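Here, each number is a calculation from the coordinates, and none is a lab measurement. Everything numeric here is computed off the predicted structure, so don't read it as measured data. Heads up, the Cβs are rebuilt from the backbone with ideal geometry, glycines too, and the neighbour counts pull from every protein chain shown.
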Amino acid sequence: MTVVMKIDLVGVSGWLAAEFAARDVLVVAGGVIALAAFVVSVLFVRDTAAHVALEQADHHPEAEAAQPRLRDAFARATYREPALRSCSQAGLVNNLNDGLAWGLVPLFLAAHGAGAAQVGLVAAVYPASGA
């Protein structure tokens, strides 16, 4: 579903880039998305620490008082546990690929004279490549 969502966004962003300056579209869209995410977070997202503590107490009563600190959880997920490290690295690489394919490559192509159809073709071929 993530790929389908990104394909839909490419069509919309391609249309906007054809109508307006590509950099302006990116800056305005990024600001709108950041502002909308902030508002939604403030209004609707609630802390789930109490729920997590209750679930942990039900499944692991011996570890009730042993809540990891953020620094410890970060270290565990990034370099201490090989399985978690590889998952973090895979997620980073996947997001980096998507950011380059749908963010920087279209800007690079447009800056070097590619038309909207050519940029759209490159962006559309990316998900089909299996990358």
Between the modelled labels at Ile33 and Leu96 (7 Å from Cα along Cα→Cβ) the distance in nm is 1.9 nm
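How long are the semi-axes of the equivalent ellipsoid of the stretch 2-128, defined as square roots of 5 times the Cα gyration tensor eigenvalues? Whole Å, largest first.
Values: eigenvalues 323, 75, 29 Å².
So the equivalent ellipsoid measures 40, 19, 12 Å along its semi-axes.
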Residues whose modelled amide H sits under 5 Å from the amide H of Glu81, counting only those 5 or more places away in sequence or on another chain, are none
Between the residues Leu35, Ser13, Leu100, the Cα farthest towards the positive end of the dipole of the stretch 2-128, that dipole coming from +1 and -1 charges on the beta-carbon of Lys, Arg, Asp and Glu, is from Leu100
Summing -39500 (n - 2.57) over every DSSP H run of at least 4 residues in the chain and dividing by its residue count gives a helix-only mean residue ellipticity at 222 nm, to the nearest 500 deg cm²/dmol, of -23500 deg cm²/dmol
Once phi for every residue in the stretch 85-101 is put through the Karplus expression 6.51 cos²θ - 1.76 cosθ + 1.60 (θ = phi - 60°), the whole-Hz ³J(HN,Hα) values, with Gly and Pro written as x, are 4, 5, 5, 5, 5, 5, x, 4, 5, 4, 5, 5, 4, 5, x, 5, 5
Full extension between Leu107 and Ser88 adds, at 0.36 nm per residue less the Cα distance, a length in nm of 4.1 nm
Largest fluctuation, Leu96, Leu16, Leu54 only, Gaussian network model of the chain with Cα springs under 10 angstrom, belongs to Leu54
